[in-house]
Amino acid sequence: MTEHRGALTREGELYPSPRQGLDYLELEPPAPGHAVPLGANLYWARIPLPMELNHINVWLLDDGDGGWLLADTGMAEDVCRDAWITLEQELLEGRPLRRVLVTHDHPDHMGLAGWLGRRHGAPLWMSAIGHSSTLGFLATPGEELHARQLRFVASHGMELSAEGLRRSSGASQHGRWYGDVPPLERAVAGGDRLEGGGRTWDVIETSGHCRGHLCLHDTANRVLISGDQVLPTISPNVSVLASRPDANPLAEFLESLDRLERLCPPETLVLPSHGRPFRGLHRRIEVLRAHHLQQLDALREACREPMSAHSLLPVMYGRPLRGFHRFLAVGETVAHLNHLWHDGAVERRVDAAGQVTFQTSV
Ligand SMILES: [Zn+2]
């Protein structure tokens, strides 16, 4: 359950997310273990995931005799390793991965960095904060993380037993999806320039879905590897976590969208981690932004009386949520409420018992 790091709200579940206005590449998604070329030295492969969100896209850049640069890996599960073994035979032609670059620290994106690194002798490149926070997460006992998360949602009005949390989340062993995390060879940060596949990639660092999220922009060819910052059919999860209860990740997420809009032209080909490559970045950013602004408005209206985040779930989602979705939804609702609080639009009160409520400022 602690692997809800990286969980996404999916279309039709938490957030219906209209997809109008996007021009998808007219390509069938590659089958597991196969790859589709997307232009010079750039390949799209899919690694299946054993969960509701059933795949992640990974991107391979061919450096000829120099081997391959890989962006994102899949998680440490056999179904992912099996796809990689096929992919090695089908695409890599005996030339090794030379670098494993990870867009962000969620297990579907980096869980096989250790395994692939050993097979190919490829070091890990990612953001320093993503790497250190993953090591911190893995070093904390699962029971302690559970207890912290239960206390956090309880302070926001959600009663959930440890057993209930475990059951609803499809619990697995703590940290299992991460496999072994290799040392960080290069800390990649916004403003860096990387070479791969005969292209130059400008690193755009974003935040909100997680800290230290890296997008890669091939400015010359107008291609953006967007990670989970911009997805075509899913509104990326933006949550306040128990570890940083006062944070304002939604402000960081919206600021990141603004920056991508400024830096990437509208006709940019977007390569998202989930879903299909598309053009229409600015339209997609507009939909995501409008969606959050709408929810902020609705919450501000609903907080005339002091309200807990849990009691506001119907305002955010408009229908009952079950089990683990409800748990995730509390984190997202707190992200919106904290944004209003940081803006001075609502007041936040914590009573003697630690119960948090929000009320519209007068
Ligand atoms: Zn993801």
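Residues are listed down the side, and each one gets a yes or a no for (1) surrounded by 24 or more Cβ atoms within 10 Å (Cβ to Cβ); (2) more than 10 Å from the chain's Cα centre (by Cα); (3) within 12 Å of the ligand (Cβ to nearest atom):
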| residue | (1), (2), (3) |
| --- | --- |
| TRP201 | yes, yes, no |
| GLU205 | no, yes, no |
| CYS215 | yes, yes, no |
| ALA220 | no, yes, no |
| LEU224 | yes, yes, no |
| GLN229 | yes, no, yes |
| PRO232 | no, yes, no |
| ASN237 | yes, no, yes |
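Of the residues GLY94, GLY67, GLY111, only one is over 21 Å from PRO232 (Cα atoms) and either hydroxyl-bearing (Ser, Thr, Tyr) or in contact with a Ser or Thr (Cβ under 9 Å, 6 or more places away or on another chain) (or both); which?
Being over 21 Å from PRO232 (Cα atoms) and either hydroxyl-bearing (Ser, Thr, Tyr) or in contact with a Ser or Thr (Cβ under 9 Å, 6 or more places away or on another chain) (or both) holds for just one of GLY94, GLY67, GLY111, which is GLY111.
A quick yes/no check of all residues on (1) surrounded by 22 or more Cβ atoms within 10 Å (Cβ to Cβ); (2) within 21 Å of ILE204 (Cα to Cα); (3) of a type in the set (A, V, I, L, M); (4) at pLDDT 95 or above:
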{"residue": "ASP62", "(1), (2), (3), (4)": "no, no, no, yes"}
{"residue": "CYS80", "(1), (2), (3), (4)": "yes, no, no, yes"}
{"residue": "TRP84", "(1), (2), (3), (4)": "yes, no, no, yes"}
{"residue": "GLU90", "(1), (2), (3), (4)": "no, no, no, no"}
{"residue": "VAL100", "(1), (2), (3), (4)": "yes, yes, yes, yes"}
{"residue": "MET110", "(1), (2), (3), (4)": "yes, yes, yes, yes"}
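Show the residue pairs that are 6+ apart or on different chains and have beta-carbon atoms under 8 Å apart, the first residue being within the range 215-228 and hydroxyl-bearing (Ser, Thr, Tyr), the second being within 16 Å of the ligand (Cβ to nearest atom).
Sorted first by the residue in the range 215-228, then by its partner, the pairs are SER226/CYS215; SER226/VAL270; SER226/LEU271; SER226/PRO272; SER226/SER273.
With respect to ALA298, is the statement that it is part of a helix (DSSP H, G or I) and over 22 Å from the mean Cα position of the chain (by Cα) true?
Taking the combined requirement at face value, the residue satisfies it.
Please pick out the residue among ALA171, ALA189 that is of a type in the set (Gly, Ala, Ser), at pLDDT below 95 and assigned to a loop (DSSP other than H, G, I, E, B).
Result of the check over ALA171, ALA189: ALA171.
Name, by its number, the condition in (1) outside any helix (DSSP H, G or I); (2) free of Cβ contacts under 8 Å to residues at least 60 places away in the same chain; (3) among the small types (Gly, Ala, Ser) that does not hold for ALA147.
(1)
Would you say ALA247 is assigned to a helix (DSSP H, G or I), at pLDDT 95 or above and under 14 Å from VAL334 (Cα atoms)?
no
I need the strands (runs of 3 or more DSSP E) fully contained in the range 26-123, keeping only those with at least 1 residues that are farther than 24 Å from HIS217 by Cβ and either within 13 Å of the ligand (Cβ to nearest atom) or not aliphatic (A, V, I, L, M) (or both).
Answer list for the range 26-123: 42-48.
For ARG304, work out the one condition from (1) under 19 Å from PRO245 (Cβ atoms); (2) touching a residue at least 40 places away in the same chain (Cβ under 8 Å) it doesn't fulfil.
For ARG304, the exception is condition (1).
Determine whether the range 219-238 contains at least one residue that is modelled with pLDDT of 95 or more, out of contact with any Cys (no Cβ under 8 Å at 6 or more places or on another chain) and either outside any loop (DSSP other than H, G, I, E, B) or on the phi > 0 side of the Ramachandran plot (or both).
Yes; the residues of the range 219-238 include at least one that is modelled with pLDDT of 95 or more, out of contact with any Cys (no Cβ under 8 Å at 6 or more places or on another chain) and either outside any loop (DSSP other than H, G, I, E, B) or on the phi > 0 side of the Ramachandran plot (or both).
In the range 58-80, what count of residues is obtained for those that are under 16 Å from GLY196 (Cβ atoms) and of a type outside the set (Ser, Thr, Tyr)?
15
Out of ARG304, ARG259, ARG326, ARG319, I need the residue that is away from the ligand (no atom under 16 Å from the Cβ), under 27 Å from LEU101 (Cβ atoms) and either assigned to a strand (DSSP E or B) or not hydrophobic (A, V, I, L, M, F, W, C) (or both). Which one?
ARG259
Residues of the range 236-275 being small (Gly, Ala, Ser) and in contact with a Pro (Cβ under 9 Å, 6 or more places away or on another chain), which ones?
SER239, GLY275
Residues of the range 262-283 being within 16 Å of the ligand (Cβ to nearest atom) and either of a type in the set (Ser, Thr, Tyr) or part of a helix (DSSP H, G or I) (or both), which ones?
SER273
Filter the range 302-328 down to the residues that are under 15 Å from VAL153 (Cα atoms) and at pLDDT 95 or above, then identify the one that is surrounded by the most Cβ atoms within 10 Å (Cβ to Cβ).
ALA309
The values are calculated or read from the model by the stated rules, or taken from the named source; none is laboratory data. Computed from a predicted model, the values in this text were never measured in an experiment. Cβ sites come from the backbone with ideal geometry, for glycine too, and all protein chains shown count toward neighbours.
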